[in-house]
Amino acid sequence: MTVRISMEGQGAEEELRSLRTWLLETPEIRRHAKISWETPTPEPGRMSGGAAEILQLITDNVWQATTFALAYVSWRGTRRNTPRVTIEHNGNTLVVEGHDEESVRRIARALTRE
């Protein structure tokens, strides 16, 4: 299972790095997922700044979807202002702006969809 996370808006790069650190400090995720940066291919006519703009998690366990969702929502609850977050998995895209129980369910559903 591959999950790609990107953020848009003011402070997006800093917040994405903060999320990465949070995930690496979550024992279940650190043990069962490979976390890496992916630099997207620039769109035609745009130059790449070379910044890592997408956080990628790779795991072979579908149950990790709920673990990730809970870790994400916990992290989000610690943030004062968070850019818009886009989570992609298996061709599905989910934009998340909240950090409540419904957000956990939406993320878990999106990550377990075939």
(message) Output the 0 to 90 degree angle, nearest 10, between the alpha-carbon long axis of helix 101-112 and the longest principal axis computed from the alpha carbons of the chain.
(response) 80 degrees
(request) Can you tell me how much longer the chain between Asn61 and Leu94 gets when fully stretched, taken as 0.36 nm per residue apart minus their C-alpha distance, in nm with one decimal? (result) 9.9 nm
(message) Can you show me the helix-derived [θ] at 222 nm for the chain, built from DSSP H runs with n ≥ 4 at -39,500 (n - 2.57) apiece and divided by the number of residues, rounded to the nearest 500.
(response) -12000 deg cm²/dmol
(request) Once you have all Cα-Cα distances for the chain, histogram them in 5 Å bins from zero and send the whole-percent values. (result) 2, 12, 23, 27, 21, 10, 5, 1, 0
(message) Taking θ = phi - 60°, what integer Hz values does the Karplus form 6.51 cos²θ - 1.76 cosθ + 1.60 yield along the stretch 89-100, in sequence order, with x for Gly and Pro?
(response) 7, 6, x, 9, 10, 10, 9, 10, 10, x, 9, 9
(request) With everything on Cα atoms, drop me the angle between helix 64-77 and the longest principal axis of the chain, reported from 0 to 90° to the nearest 10. (result) 70 degrees
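Each reported figure results from applying straightforward, stated rules to the coordinates on display, with no laboratory input. Everything numeric here is computed off the predicted structure, so don't read it as measured data.
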